[in-house]
Amino acid sequence: MHPSSAPSALQTHIIESLQSAKPTLWAGRSAKEQSTHDISAQQVQQAVQRFERFAPLLMKLFPELTASNGRIESPLLQVPQMQQALQLPQEAGQLWVKADHSLPVAGSVKARGGVHEVLEHAENIALQHGLLADGDYLQLASAAARALFAQHEVAVGSTGNLGLSIGVMASALGFKATVHMSADAKEWKKQRLRARGVQVVEHAGDYAQAVAAGRALAEQDAHCHFVDDEHSLSLLLGYAAAAPYLVAQIQDAKRTAGENHPLFVYIPCGVGGAPGGVALGLQQAFGPHVHCFFAEPVQSPCFIVEMLAGAQALPGLEAHPSVYELGLNNQTEADGLAVPRASELAADVVRGFLGGVFTVEDETLFRHLNLLHDSEALKIEPSAAAGFSGPRELLQSAAGQDYLQRQNLLPYMSNATHIVWTTGGLFVPDEEYTKFLQRGAALVSA
Ligand SMILES: *Cc1c(COP(=O)(O)O)cnc(C)c1O
């Protein structure tokens with residue numbers, strides 16, 4: 001499948017840099033990387049349409065969706081003060097934020113993938129039982145539908161946010177819901193779920209172990225649907241469905257993205273489903289003119305590792321390695337990104353067009369969380385800050401310059417739009433957020 005070749009000097013340098021837990025950029029789009037899993041624009045369109053069919057029901061279940069007519073969406077915001085705080089010159093383009101930290105229902109980007117998978121599952125069950133015969137989705141809030149869903153369980157393994165999204169959506173429809181939480185999961189997320197009647201099972205191990213435990217339990221029960229973050233196509237398509245609305249927002253903002261007007265998108269990456277889905281949707285919309293870069297903690301760069309393994313740059317390691325095999329510990333305050341092994345599905349889908357992946361130190365997350373609060377009054381969680389070092393990484397590192405040169409983007413950077421995807425934060429309790437801010441403030445003034 002891959003041409004067998006020894007790792008290049010550049011690849012060796014990247015691996016050494018990862019092992020020393022220094023911020024590192026791996027840039028893609030070389031001839032070696034090919035996607036091995038194709039997802040059609042029609043599949044993404046079906047996810048978009050599913051959200052539309054369910055909008056009346058969502059509005060009924062979640063009053064906070066009244067203003068948006070049942071659409072779970074976030075604004076696209078220009079952030080000039082943050083651009084200045086980050087010292088990004090205008091000649092390098094304009095900085096924007098896609099504000100998924102404010103997504104209703106789940107408070108994170110998981111409101112896209114997680115909600116979509118629960119809706120698809122509910123739709124399938126309802127169709128099998130003739131509940132949607134007249135196409136009225138409000139039927140799914142009826143006593144009969146709830147009694148049916150109550151016989152079914154939805155389970156998931158999570159570091160926190162996916163569990164929140166699945167648990168909230170599944171319990172709102174009347175499903176039994178079980179969330180297997182890894183040791184990284186924050187206490188307030190567990191409490192929020194328990195308050196909604198969701199069963200929370202705590203695991204001492206990491207995210208991959210929580211997923212494995214949940215999957216094994218669910219397999220023994222025919223009435224239990226396990227949302228498998230490491231393999232799920234439905235999740236990925238739910239994230240990809242973000243693209244058409246963003247395309248419209250970019251137009252409304254009078255920004256041009258296309259030939260000679262590059263669009264850069266920086267998205268925090270855990271297992272890779274959320275950024276992979278978003279990147280797929282944007283690739284279908286903008287083709288080669290969108291450049292998606294994923295952001296990972298320096299101790300959890302599972303997606304870079306997966307990309308390097310695919311390019312056979314990790315001799316001596318198995319095909320689907322974890323970050324532990326590089327001697328890293330997967331310890332990070334970015335709980336949504338504390339993932340040791342990437343989704344192979346996400347990796348196979350994006351390999352052929354991914355711009356790249358970069359790593360970020362935890363201190364930088366807190367610094368940027370604080371800067372965003374002070375400059376633009378936006379409240380995000382640490383995981384959601386990972387994208388903000390992207391533009392600089394791209395503009396100032398050797399690997400970034402090499403990418404811009406290879407893609408012939410250097411003459412057009414003043415036309416560029418840089419979108420940082422802020423992936424979570426809405427439901428972070430005030431006392432937690434205050435601690436994040438203080439930690440960031442100490443670093444900013446240091
Ligand atoms: C889950 C999550 C991500 C990354 O999504 P993956 O699908 O795990 O890659 C990024 N940011 C936040 C806040 C998240 O909760």
Original post:
For H13 and E318 in one chain, what is 0.36 nm times their gap in residues minus the Cα-Cα distance, to one decimal in nm?
Top reply: 107.8 nm
Original post:
For the chain, what is the calculated [θ] at 222 nm in deg cm²/dmol (nearest 500), taking -39500 (n - 2.57) for each run of four or more DSSP H residues and dividing by its residue count?
Top reply: -13500 deg cm²/dmol
Subject >> Peptide ranges 215-221, 203-209 listed from the most packed, as the mean C-beta count within 10 angstrom indicates >> reply: 203-209, 215-221
Original post:
Which whole-number percentage describes the relative contact order of segment 262-345, with Cα contacts under 8 Å and a sequence gap of 6 or more?
Top reply: 35
Original post:
Which residues' amide hydrogens lie under 5 Å from the amide hydrogen of F226, considering only partners 5 or more residues apart or on another chain, with H built in the peptide plane?
Top reply: A155
Original post:
Mean separation of Cα pairs under 8 Å and 6+ residues apart, divided by the residue count of segment 109-231: what relative contact order is that in percent?
Top reply: 25
Subject >> Charge tally in the Cβ shell below 10 Å around D335, where Lys, Arg are +1 and Asp, Glu are -1, D335 excluded >> reply: -1
Original post:
Using alpha-carbon pairs under 8 Å, 6+ residues apart, how would you state the relative contact order of the chain in percent?
Top reply: 23
Original post:
Using alpha carbons only, how many degrees (0 to 90, rounded to 10) separate the axis of helix 161-173 from the longest principal axis of the chain?
Top reply: 20
**OP:** Assuming R0 = 30 Å, can you tell me the calculated FRET efficiency for the pair A222 and Q139, based on Cβ-Cβ distance, to the nearest 0.05?
**Re:** 0.75
**OP:** Please give the length that would be gained between S397 and E432 if that part of the chain were fully extended, namely 0.36 nm times their separation in residues minus their C-alpha to C-alpha distance (nm, one decimal).
**Re:** 9.2 nm
Original post:
What order do you get for 394-400, 100-106, 268-274, 415-421 when each peptide is scored by the mean count of other beta carbon atoms within 10 Å, highest first?
Top reply: 268-274, 415-421, 100-106, 394-400
Subject >> Charge dipole magnitude, Cβ of K and R +1, D and E -1 - segment 109-231, Cα centre, debye nearest 20 >> reply: 560
Original post:
Taking the Cα atoms of segment 80-137, what is the range of coordinates along each of the three principal axes, in descending order and whole Å?
Top reply: 58, 19, 14
Original post:
Within straight cross-link reach of K110, meaning Cα distance under 18 Å, which lysines are found once same-chain residues fewer than 8 apart are removed?
Top reply: K98, K186, K189, K190, K379
Subject >> FRET efficiency for Q45 and A253, using Cβ-Cβ distance with R0 set to 25 Å, rounded to 0.05 >> reply: 0.60
Original post:
Whole-Hz Karplus ³J(HN,Hα) for segment 79-93, in order, using 6.51 cos²θ - 1.76 cosθ + 1.60 and θ = phi - 60°, x for Gly and Pro?
Top reply: 10, x, 5, 5, 4, 5, 4, 7, 6, 9, x, 4, 5, 8, x
Subject >> Rounded to 10°, Cα long-axis angle of helix 273-286 versus longest principal axis of the chain >> reply: 70
Original post:
According to a simple spin-label model (label point 7 Å from Cα along Cα-to-Cβ), what is the distance in nm between Y245 and Q405?
Top reply: 4.1
Original post:
Mind listing the phi-derived Karplus ³J(HN,Hα) values for segment 138-149, rounded to whole Hz, using 6.51, -1.76 and 1.60 with θ = phi - 60°, and x for any glycine or proline?
Top reply: 5, 3, 6, 9, 6, 4, 5, 5, 5, 5, 5, 4
Original post:
Rounded to the nearest 0.05, what FRET efficiency is calculated for H261 and Q151 with R0 set to 56 Å and r the Cβ-Cβ distance?
Top reply: 0.60
Original post:
In nm, to one decimal, how far is the modelled label at K32 from the one at V201, with both set 7 Å along Cα→Cβ?
Top reply: 4.0
Original post:
Between the helical axis of 110-128 and the dominant principal axis of the chain, each derived from Cα atoms, what acute angle in degrees is found, rounded to the nearest 10?
Top reply: 30
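Readers should treat all values here as calculations from the given coordinates under stated rules, not as data from a laboratory. Just so you know, these numbers come straight off a predicted model, no measurement behind them. Virtual Cβ from ideal backbone geometry, glycine too; neighbours counted across all protein chains shown.
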